[in-house]
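Each value in this text was obtained by applying a stated rule to the coordinates, not by laboratory testing. Note that the coordinates shown come from a computational prediction; the quantities given were computed from them, not determined experimentally. Here the Cβ positions follow ideal geometry from the backbone for every residue, glycine too, while neighbour counts run over all protein chains shown.
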């Protein structure tokens, strides 16, 4: 699905990460894995360390911290926000939604709308499109888009296909209506037939958490998990990413009349360096325009990975001027979203762990 | 492209296959696992232009079985 939305701007970005550092090599050696293989995996996939949330800290907490720091940096009062969108797959509760909880914590006006989007790695682009629509056509002047997850809580320590990958983070972005601005060009899609390739089977309405005991089962590669853990068919997800992300990127670039040469950067969902570099190459972008090292510092941050990559790689230029960027997220639900747009100058609050160190 | 040439190309991209023959069981390759599967998928996509699934790879018993996937898809 294509959409072009005019007269909106990205006004600010912030990301808060988990405060605990997990080291890929140390964790793997503690589980008895071969050092040479670990080093090979670290080098190929791009795994070094990741930031996970401290006990008791949720995506809501991380996003609240990012939102507060962003509002402070921008000098804005929470009452100026007309809507809050919360993208997460790890909400505090099945009810109420995280957006309403954040609405209450920040003290937003009672007239401000609040809703969640249940999406992961594609979610930031989906959320950006919804925020832009609210500003362009929905009566909002300023929308707070929060996106984050604590996926590290869903993995099994003995599942090497998932556990070493994920970090926890929350992001906040401000999207505003503006007088004259070039259109943002979006491409959103999904292939629901493959949605089970990334799944937490137990814990929802289909298979309630107490419906059966959590039995640990090894897979063909020797990874262990139970039904309430995140299960990911890595090979299928990789194929899906190679199949769907490049056409989406090409489509938004075509609509925006962008060339690779005239585009300042391609920011892909930071699944891992292996995926980012492969997809980036298939999109025709040189490595220097495709940041791929976020995972090595923070882990795969689900819907927060694109804003984190924007801050990690582009803080200086984005703070000072406008950049032509193409963003693309892809993942859970076999969904994808891409956008080509000019972003900046904008307010950026630096990437910080939460809780803050003394 | 003969099987020997395909194996040579695979060994070039995925060094876990160095020393293997068509008769080598995949399960006996050093460090056989999810990383190797990803590297095989990438090799097939970039060198042969074919997409193979991890299920197809797991369905192979030997290196030769894996190599047979390629001509069937070309």
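As a calculated quantity, the FRET efficiency between residue A:2 and residue A:105 at R0 = 45 Å, using C-beta atoms, amounts to about 0.80. Note: relative contact order over the range A:24-153, using C-alpha pairs below 8 Å and six or more positions apart, is 29 percent.
With a 10 Å cut-off around each Cβ of B:28-34, the average count of Cβ atoms from other chains is 5. For the residues of A:234-241, the average number of beta carbons from a partner chain within 10 Å of their own beta carbon is 5.
Over the protein assembly as shown, DSSP H runs of length four or greater, each weighted -39,500 (n - 2.57), average out per residue to a 222 nm ellipticity of -10000 deg cm²/dmol.
By the count of other C-beta atoms within 10 Å, a proxy for reagent exposure, A:325, A:13 are ordered fewest to most as A:325, A:13.
Per-residue packing, averaged as other Cβ atoms within 10 Å, sorts the ranges A:31-38, A:169-176 into the order A:169-176, A:31-38, beginning with the highest.
Build a GNM of chain A with springs between Cα atoms under 10 Å apart, and of A:229, A:97, A:239 the one that fluctuates most is A:239.
With contacts taken as Cα pairs under 8 Å and at least 6 residues apart, chain B reaches a relative contact order of 37 percent.
Helix A:59-74 and the longest principal axis of the Cα set of chain A meet at an angle near 30°.
Would you mind checking the tilt of helix A:234-256 against the longest principal axis of the Cα atoms of chain A, expressed as 0 to 90 degrees and rounded to 10? Helix A:234-256 sits at roughly 10 degrees to that axis.
Largest GNM mean-square fluctuation across A:40, A:160, A:273, computed for chain A with C-alpha springs under 10 Å, falls on A:40. Of the residues A:334, B:32, A:184, the one with the fewest other Cβ atoms within 10 Å heads the list, and the complete ranking is B:32, A:334, A:184. Taking a ≥ b ≥ c as the square roots of the eigenvalues of the alpha carbon gyration tensor, the range A:233-358 is oblate, as a/c is not under 1.5 and a/b does not beat b/c. Rounded if a/c is under 1.5, else prolate if a/b is larger than b/c, else oblate: which is the range B:32-74, with a ≥ b ≥ c the root eigenvalues of its Cα gyration tensor? Oblate, since a/c reaches 1.5 and b/c is not below a/b. What shape does the range A:162-248 take by its C-alpha gyration tensor, where a ≥ b ≥ c are the square roots of the eigenvalues and a/c under 1.5 counts as rounded, a/b above b/c as prolate, and the rest as oblate? Here the range A:162-248 falls in the prolate category. For residue B:53 and residue B:1, what does the FRET efficiency come to when R0 = 22 Å and r is the distance between their Cβ atoms, rounded to the nearest 0.05? It comes to 0.55.
Taking the C-alpha atoms only, the angle from helix A:305-320 to the longest principal axis of chain A is near 40 degrees.
Looking at chain A as a GNM with Cα springs under 10 Å, which of A:22, A:324, A:105 has the largest mean-square fluctuation? In this elastic network of chain A, the residue with the biggest mean-square fluctuation among A:22, A:324, A:105 is A:105. Spin-label model, residue A:226 to residue A:79: label points 7 Å out along the Cα-to-beta-carbon direction sit 5.0 nm apart.
Report the paramagnetic label zone for residue A:20: residues of the range A:209-236 whose backbone N is under 14 Å from a point 7 Å from Cα along the Cα-to-Cβ axis. The answer is none.
Taking every C-alpha pair closer than 8 Å and separated by at least 6 residues, the mean separation divided by the residue count of chain A gives a relative contact order of 27 percent. Note on B:41-50: average number of Cβ atoms from other chains within 10 Å of each residue's Cβ is 3.
Based on the mean of other beta carbon atoms within 10 Å per residue, what is the order of A:84-92, A:286-294, most packed first? If you can, show how the numbers build up before the last one.
Working: A:84-92: 24.7, A:286-294: 17.6.
Taking the mean over residues of other Cβ atoms within 10 Å, the ranking is A:84-92, A:286-294.
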